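Shown next, in structure tokens, is the structure this report addresses.
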Amino acid sequence: MLTSDQEYMNLALELGLQAAREGDIPVGALVVDPCGEIIGRGRNRRRVEHDPTAHAEVVALRDAAQNLGAWNLSGCSLYVTLEPCPMCAGALVQARVSRLVYGCTDPKAGACGTLYDLTRDTRLFHRLQVVSGVMERECRALLQDFFQVRREKKRTFGWLPDGRNN
């Protein structure tokens with residue numbers, strides 16, 4: 001059993017690397033129960049599954065709920081390499097996750113303190129404890145390296161090798 005936020009974030013980074021190898025944005029996520037057991041794993045799978053909702057957090061929440069046999073994840077923590085977007089932050093609230101730990105902020109879509117703060121909004125029925133900046137440098141580097149490679153491929157070919165121009 002792992003015991004520190006950094007140990008869990010290292011595993012989330014490994015999941016992010018797997019997403020990158022599959023051609024998706026390298027974000028990884030884990031759900032950890034109150035005893036420290038990993039009960040859900042996810043990585044971005046939008047391209048693989050052709051599913052706009054297949055963000056790492058949603059995939060990890062689905063996995064955890066299936067493993068528990070329950071949708072309510074009270075007492076659980078979610079570790080993710082990138083600050084969740086509004087959809088994922090809403091899913092964390094809906095799942096009643098107790099604690100969110102993320103690596104780097106998302107200045108374009110962050111909904112846990114950067115652009116919005118859905119996870120701590122007092123108007124909602126549930127709020128989460130949020131810890132940011134865990135292994136921030138490593139999480140940011142993974143994303144920056146991924147997008148640098150994509151930009152280089154786009155410059156070389158004039159399009160992306162997967163046939164998409166995004």
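The values are calculated or read from the model by the stated rules, or taken from the named source; none is laboratory data. Worth saying up front: this structure is predicted, and the values here are computed from it rather than measured. Here the Cβ is made from the backbone with ideal geometry for all residues, glycine too, and neighbour counts use every protein chain on show. Calculation scope for accessible area: heavy atoms of the full protein, side chains included, ligands and nucleic acids excluded. Shrake-Rupley method; radii C 1.70, N 1.55, O 1.52, S 1.80 Å.
So here's what we get for this one:
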item	result
Residue under evaluation residue 7, criteria (1) open to solvent by 70 Å² or more (accessible area, probe 1.4 Å); (2) in a loop (DSSP other than H, G, I, E, B); (3) over 21 Å from residue 106 (Cα atoms); (4) not hydroxyl-bearing (Ser, Thr, Tyr), criterion not met	(2)
Test set (1) assigned to a loop (DSSP other than H, G, I, E, B); (2) charged (D, E, K, R); (3) out of contact with any Asp or Glu (no Cβ under 8 Å at 6 or more places or on another chain) - residue 62 fails condition number	(1)
From 43, 99, residue being under 18 Å from residue 18 (Cα atoms) and either open to solvent by less than 60 Å² (accessible area, probe 1.4 Å) or of a type in the set (Gly, Ala, Ser) (or both)	43
Pairs, first surrounded by fewer than 16 Cβ atoms within 10 Å (Cβ to Cβ) in segment 129-153, second small (Gly, Ala, Ser), C-beta under 8 Å, six or more apart	129/98; 133/103; 136/103; 140/103
Any hit, segment 23-35, residues being open to solvent by less than 10 Å² (accessible area, probe 1.4 Å), under 12 Å from residue 139 (Cβ atoms), assigned to a helix (DSSP H, G or I) and out of contact with any His (no Cβ under 9 Å at 6 or more places or on another chain)	no
Positions within segment 60-81 being on the phi < 0 side of the Ramachandran plot, open to solvent by 30 Å² or more (accessible area, probe 1.4 Å) and not charged (D, E, K, R), in sequence order	66, 67, 68, 70, 71, 72, 74
Residues (more than 14 Å from the chain's Cα centre (by Cα) and part of a helix (DSSP H, G or I)) located in segment 120-137	120, 137
Residue match in segment 51-74 (condition: under 14 Å from the mean Cα position of the chain (by Cα), polar (S, T, N, Q) and closer than 15 Å to residue 131 by Cα)	no
